[in-house]
Every structure is written in C-alpha cells, then in structure tokens.
Amino acid sequence: MASMREIKRRRGSIQSTQQITKAMKLVATVKLQKARQRAENSKPYFQYMYKTVTSMLAKAGTVDHPYLKGGSSDRVGIVVITSNRGLAGGYNSNIAKLVQASGYAKENVRLYTVGKKGTDMLSRKGYEVAENYPDVIEEPTFEDARKLSERLLQDFTNGEIGEIYVAYTEFKNTVVHIPKMVKLLPIDADEVQEETSQANDMDKLTLMNFEPSEEEAIGLLVPKYVTSILYGAFVEAVASENGARMQAMDSATNNAEEIINDLELKYNRARQGAITQELTEIIAGADAIG
C-alpha cells in the first residue's frame, strides 16, 4: 500500500487538475451559449440555401456548365473543419476518421484545413494539406468563407481538383454532434432531380427559365452557394467544439472527484493503520517493561 505522503501528494495533484477542468468547463459553457444561438439562428438559412440551389438545378434541364460536369482532375478537395485546441473528447479525431473512411486514396486527396488539429492529425497520416486556415475557426466570418470559397473554385476551374467536399461536425444539440461530409461540387443535377421526383411534388419538376442565361446564372449563384454552405459549416463546428469540450471537461471533473474520494478512503485507511501500528508498539513496549 502507498504511504500517506504519496497518497496525499497524488490527491493534491488531482485536486489541482480538477480545478482546471472545472474552470475549462465553465469557459466552454459560456462560449457554447453564444455559439449555439448563432448556429440555431443561421441553420435554417443554410439548409434552405442548399435546397433552393439544388432545386433550381433540377429544374434547369440540361445545362452545360463546369460546376455540373466536374473538374478534369481525379483529385478530391476536402475542406476539413476541426479546432485549434484539444481537450474536446473525440471531436477532432472523429473528423479525421471520417476523412480516412471516405474511400479516397491519400494520393488523390487534397486537404484545405480549418483548424490546427485536423492539419496535424491528417498530415501525420500522409495526406497533402494544400492550405491551412488556423485563425478562421477562432471567430469565423462570412468573409472567411468567401475567401476559402474563391480558393476552392479557382483550384476546381484550373483542374487541380475534380470534386469538392466539406467535412465538419453538425450541431444537433448540446450533447449530440454528428460528423458529416457534404459534397459541394460538382452538383449532380440528375441526382437532385431524382430526389425531387421522389418527393411527389410535380410542381418542383417544372423547368425553370434563366435570364440572361443558364450558364451565367449558375456561374453567379454557385459561388454564393458554396460560400454559404462553408460559413454554415464553420458556425456549426464552433458550437459542436464547445459542446464537446464542455462534455469532456464535465466528465473529467466527475472522474477526478471519484479518484479523490477513493484516495481519501485509502488515506484514511493508511492513517488508521499507522495509528493502530503505533498503539500496538506502545502496548508491546509497556508489556515488555512490565
């Protein structure tokens, strides 16, 4: 059994750790309140943006546009959204696993990482990181999403990548965060039209006329669509990160409390054993003298 000094030293160390985890939980809780409100307020807009654009393309008929045909490259561009800090449970590792399980070979994947953790984890696995945006996830803005969208579309039209995906964590509620990978480009109009047909809404299948032309309209609309989806992913990722960190720190605080209670019991037993040993030695000494 460990000595009382060792138990006391370990108990003090864990109590210090518990104070840190408790403080981190409070900070994450405060940040979560703001991030959750922002995510919940913006989520309907980005959902309808996605539905509106895909619905318009389903009604466009046969349109000859690079955003619908796909790039000339076999490489896939994936926007990976993680955090700059750890201590958030499986938040970052779940996104890394999602990218690894995407089915694309490492040599055919080009990453555009938002957050240091995703960069570190996936670069160690052998993935190419084309660009890293560590500061964006701290306080994401629509302008940040626009700049990233411009870079993605430039690489797409230049033939450096043939498909664009975004891997992020969808915020459902405080305790439920779902890793997702969403395809941004090319938009498969045939697939969208098939989904629309299954909705049993024949009005949605009515062809749409564009002014001045389908190609020009899509060229103006799709960049705004990509920017909006990226910004929505940023906002949800921030809320998910703080929710995951709050849960992780709450679990760590509770685990520390259990360990402290266990060490307190061991300390009392060791103390009682020491007292009993001293009494036994005193009685034995008294009997020897007598």
For THR52, indicate whether it is surrounded by 19 or more Cβ atoms within 10 Å (Cβ to Cβ), among the β-branched types (Val, Ile, Thr) and free of Cβ contacts under 8 Å to residues at least 60 places away in the same chain. no
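Look through ALA248, ALA256, ALA286 and report the one residue that is of a type in the set (Gly, Ala, Ser), touching a helix residue (DSSP H, G or I) at 6+ places or on another chain (Cβ under 6 Å) and either part of a helix (DSSP H, G or I) or within 19 Å of GLY115 (Cα to Cα) (or both). Before you say what the answer is, go through the steps one by one.
Working: ALA248 fails: touching a helix residue (DSSP H, G or I) at 6+ places or on another chain (Cβ under 6 Å); ALA286 fails: touching a helix residue (DSSP H, G or I) at 6+ places or on another chain (Cβ under 6 Å).
Going through ALA248, ALA256, ALA286 in turn, just one is of a type in the set (Gly, Ala, Ser), touching a helix residue (DSSP H, G or I) at 6+ places or on another chain (Cβ under 6 Å) and either part of a helix (DSSP H, G or I) or within 19 Å of GLY115 (Cα to Cα) (or both): ALA256.
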I'm checking my understanding of the structure. Among residues of the stretch 133-161 that are free of Cβ contacts under 8 Å to residues at least 40 places away in the same chain and surrounded by 13 or more Cβ atoms within 10 Å (Cβ to Cβ), which one is farthest from PRO66 (Cα to Cα)? ASP135
Taking VAL136 as the residue in question, decide whether it is within 19 Å of VAL182 (Cβ to Cβ), modelled with pLDDT of 95 or more, touching a helix residue (DSSP H, G or I) at 6+ places or on another chain (Cβ under 6 Å) and not basic (Lys, Arg). no
State whether one or more residues within the stretch 42-49 are surrounded by fewer than 20 Cβ atoms within 10 Å (Cβ to Cβ) and at pLDDT 90 or above. no
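Kindly indicate whether any position in the stretch 148-168 is assigned to a loop (DSSP other than H, G, I, E, B), of a type in the set (D, E, K, R) and either in contact with a Lys or Arg (Cβ under 9 Å, 6 or more places away or on another chain) or within 25 Å of SER228 (Cβ to Cβ) (or both). Steps first, answer last, please.
Filtering the stretch 148-168 down to residues assigned to a loop (DSSP other than H, G, I, E, B) leaves 158-162.
Still in the running and of a type in the set (D, E, K, R): 160.
From the residues that got through so far, the ones that are either in contact with a Lys or Arg (Cβ under 9 Å, 6 or more places away or on another chain) or within 25 Å of SER228 (Cβ to Cβ) (or both) too are 160.
Looking through the stretch 148-168, at least one residue is assigned to a loop (DSSP other than H, G, I, E, B), of a type in the set (D, E, K, R) and either in contact with a Lys or Arg (Cβ under 9 Å, 6 or more places away or on another chain) or within 25 Å of SER228 (Cβ to Cβ) (or both).
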Looking only at the stretch 244-262, count how many residues are surrounded by 19 or more Cβ atoms within 10 Å (Cβ to Cβ) and farther than 24 Å from SER83 by Cα. 1
Could you say which residue among SER93, SER102, SER123 is polar (S, T, N, Q) and in contact (Cβ under 8 Å) with a residue 40 or more places away in the chain? SER102
Give me the pairs: first residue in the stretch 1-27 and in contact (Cβ under 8 Å) with a residue 40 or more places away in the chain, second residue loosely packed, with under 14 Cβ neighbours inside 10 Å, beta-carbon distance under 8 Å, and six or more apart or on different chains, which are they? MET1/ARG269; MET1/GLY273; MET4/ARG271; MET4/ALA274; ARG10/ALA2; ARG11/GLU264
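The values are calculated or read from the model by the stated rules, or taken from the named source; none is laboratory data. Keep in mind the model is a prediction, meaning the values are calculated, not measured. Positions of Cβ are backbone-derived with ideal geometry, glycine not excepted, and every protein chain shown enters the neighbour counts.
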